[in-house]
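The values are calculated or read from the model by the stated rules, or taken from the named source; none is laboratory data. Being a predicted model, the structure only gives us computed values, none of them experimental. Because the Cβ atoms are built from the backbone with ideal geometry, glycine has one as well, and the counts that use them run over all protein chains shown.
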Ligand SMILES: C[S@@+](CC[C@H](N)C(=O)[O-])C[C@H]1O[C@@H](n2cnc3c(N)ncnc32)[C@H](O)[C@@H]1O
């Protein structure tokens, strides 16, 4: 699935390095755009008091903290390869663990909620990972996966935005293996992993000048600029033009969607 990755290593290495100034703010812009939708879905799934939760690739921890503050869950284990942002703001009920979720020995226990947002799309061997995460769901619990869907395919009008987005997806795939092409298959992957009552939805936040999602993409292009240029599809001027376009009244484009898919582990038949 990510076999065409060249030499950029993994997420957080060639691109999106956590030590690079502003990386936490970039993740927070994405969180500002999507946290409301994520929390609404988690509430609708019944997540609430007493639940033990696992937040995979928790980033800056906005969802982990809102699970504790708003949903009133009992405990959140927030896991990330790099926990510097999570460690900055400890709160009661939040346990932080540095771990690579692709490691064969990653076995944090079982949870009523297992949640991963904007993580799996960057990782290889998606089917195996979804099966592994499904096994972490306790009977009666739920696995919730969110990742990006690209809406700048061949039928989208050519704009500075769509040109930059296409170059970005291609560049990220070539450097760190990011692959959003399989995200629409998540409902089937959850079902194949033995989960039940599987469903999914897509949210597309409006690209308004100065909005969190527009700032997120502008920042993301800056950080992946080298990978974008390496595709040969854009030059520096085209990336600059796309950033200006995003922040202008001329912008008329669809953001990437966030697909959220979920599936329940039967209370009667543990894995
Ligand atoms: C785009 S951020 C998403 C953060 C958060 N889930 C959110 O939606 O706001 C991806 C996160 O996944 C983490 N990550 C990437 N690969 C990982 C791995 N193999 N194991 C654990 N965490 C990983 C990164 O360090 C980063 O914090």
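Return the residues of the stretch 48-73 that are touching a strand residue (DSSP E or B) at 6+ places or on another chain (Cβ under 6 Å) and more than 16 Å from the ligand (Cβ to nearest atom); say none if nothing qualifies.
Across the stretch 48-73, the qualifying residues are 51, 52, 73.
Can you report the number of residues in the stretch 90-111 which are away from the ligand (no atom under 13 Å from the Cβ) and surrounded by 13 or more Cβ atoms within 10 Å (Cβ to Cβ)?
5
Considering only the stretch 15-27, state which residues are out of contact with any helix residue (DSSP H, G or I) (no Cβ under 7 Å at 6 or more places or on another chain), in a helix (DSSP H, G or I) and more than 17 Å from residue 172 (Cβ to Cβ).
25 - this is the single residue of the stretch 15-27 that is out of contact with any helix residue (DSSP H, G or I) (no Cβ under 7 Å at 6 or more places or on another chain), in a helix (DSSP H, G or I) and more than 17 Å from residue 172 (Cβ to Cβ).
Per-residue answers, yes or no, for (1) surrounded by fewer than 21 Cβ atoms within 10 Å (Cβ to Cβ); (2) at pLDDT 95 or above; (3) within 11 Å of the ligand (Cβ to nearest atom):
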{"position": "113", "(1), (2), (3)": "no, yes, no"}
{"position": "119", "(1), (2), (3)": "no, yes, yes"}
{"position": "133", "(1), (2), (3)": "no, yes, no"}
{"position": "138", "(1), (2), (3)": "yes, yes, no"}
{"position": "143", "(1), (2), (3)": "no, yes, no"}
{"position": "149", "(1), (2), (3)": "yes, yes, no"}
{"position": "163", "(1), (2), (3)": "yes, yes, no"}
{"position": "168", "(1), (2), (3)": "no, yes, no"}
{"position": "171", "(1), (2), (3)": "no, yes, no"}
